[in-house]
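J.: Before I ask anything, here is the structure I am working with.
The values are calculated or read from the model by the stated rules, or taken from the named source; none is laboratory data. Nothing here was measured: the structure is a model prediction, and the numbers come from that model. FYI the Cβ positions are ideal-geometry reconstructions off the backbone, even for glycines, and counts take in every protein chain you see.
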Amino acid sequence: MLTKQEQDYFNKIVEDIKNKLCIDIPILSCNHEILKGHEEALGIAYSYDKADVYQITIDEYFIHECYYDFLWNQGYRDRGIVPKVEIKSLEDVICHEIAHITYWNHGKKHRELTDKLLIKLCA
């Protein structure tokens, strides 16, 4: 379960991404440890038929790590606040999952679209 500060941090990033990329599907936090077979997933795109993504979830522990990394980069050095080990950012993972809207399978086109979405976020 996320703290209020972690949820606010996540919600702001999601809102920014949805506004910049003009998407309206739900992007929610979720404890992926309870999803059998998906315990290690940072993000999950949900689809009934692998063609129509209706929801994306991002793992709560990953959000927690990203929030602490954010605090670390802001200069906070309180007990327990450490930089994250995972190389990917929340934006990386969310854009990867959004790319499944167009390309369900992982491959060159999926990676290229993920990269284009990330570039669009930085513009």
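J.: Go through the range 72-104 and count every residue that is of a type outside the set (A, V, I, L, M) and free of Cβ contacts under 8 Å to residues at least 24 places away in the same chain.
T.: So the count comes out to 14.
J.: Inside the range 30-51, can you point out the residues that are out of contact with any His (no Cβ under 7 Å at 6 or more places or on another chain), under 18 Å from ILE94 (Cβ atoms) and surrounded by fewer than 20 Cβ atoms within 10 Å (Cβ to Cβ)?
T.: Answer for the range 30-51, where residues must be out of contact with any His (no Cβ under 7 Å at 6 or more places or on another chain), under 18 Å from ILE94 (Cβ atoms) and surrounded by fewer than 20 Cβ atoms within 10 Å (Cβ to Cβ): CYS30, ASN31, LEU35, GLU40, TYR46, SER47.
J.: May I ask you to list the residues in the range 63-82 that are in contact with a helix residue (DSSP H, G or I) (Cβ under 7 Å, 6 or more places away or on another chain) and closer than 24 Å to LYS18 by Cβ?
T.: ILE63, HIS64, CYS66, TYR67, PHE70
J.: For the range 83-115: of the residues being of a type in the set (S, T, N, Q) and assigned to a loop (DSSP other than H, G, I, E, B), which is surrounded by the most Cβ atoms within 10 Å (Cβ to Cβ)?
T.: Here the residue is SER89.
J.: Which count do you get for residues in the range 4-42 that are without any contact (Cβ under 8 Å) to a residue 12 or more places away in the chain, on the phi < 0 side of the Ramachandran plot and not acidic (Asp, Glu)?
T.: 9
J.: Considering only the range 70-123, state which residues are more than 16 Å from the chain's Cα centre (by Cα) and of a type in the set (S, T, N, Q).
T.: Selection gives ASN73, GLN74, THR102, ASN105.
J.: Would you mention how many residues in the range 52-82 are part of a strand (DSSP E or B) and not aromatic (Phe, Trp, Tyr)?
T.: Going through the range 52-82 one residue at a time, the tally reaches 6.
J.: All but one of (1) over 22 Å from LEU71 (Cβ atoms); (2) modelled with pLDDT of 95 or more; (3) not in a loop (DSSP other than H, G, I, E, B) hold for GLU33; which doesn't?
T.: With respect to (1) over 22 Å from LEU71 (Cβ atoms); (2) modelled with pLDDT of 95 or more; (3) not in a loop (DSSP other than H, G, I, E, B), GLU33 is out only on (2).
J.: Can you name the condition, by its number, that ASP24 falls short on among (1) of a type outside the set (A, V, I, L, M); (2) under 16 Å from the mean Cα position of the chain (by Cα); (3) assigned to a helix (DSSP H, G or I)?
T.: Answer for ASP24: the failing condition is (3).
J.: Report, by residue number, each residue of the range 56-82 that is of a type in the set (Phe, Trp, Tyr), surrounded by fewer than 22 Cβ atoms within 10 Å (Cβ to Cβ) and more than 15 Å from ALA41 (Cβ to Cβ).
T.: Within the range 56-82, TYR68, PHE70, TRP72, TYR76 meet the criteria.
J.: Looking only at the range 1-21, filter to residues that are among the aliphatic types (A, V, I, L, M) and in a loop (DSSP other than H, G, I, E, B); which one of those is farthest from ILE94 (Cα to Cα)?
T.: MET1
J.: So for the range 44-52 (the condition being touching a Cys at 6+ places or on another chain (Cβ under 9 Å) and among the aromatic types (Phe, Trp, Tyr)), does at least one residue qualify?
T.: The answer is no; no qualifying residue exists.
J.: Further, regarding this structure: Only one of (1) closer than 26 Å to LEU2 by Cα; (2) in contact with a His (Cβ under 7 Å, 6 or more places away or on another chain) is not met by ASN73, so which one is it?
T.: Evaluating ASN73 over (1) closer than 26 Å to LEU2 by Cα; (2) in contact with a His (Cβ under 7 Å, 6 or more places away or on another chain) leaves (2) as the failure.
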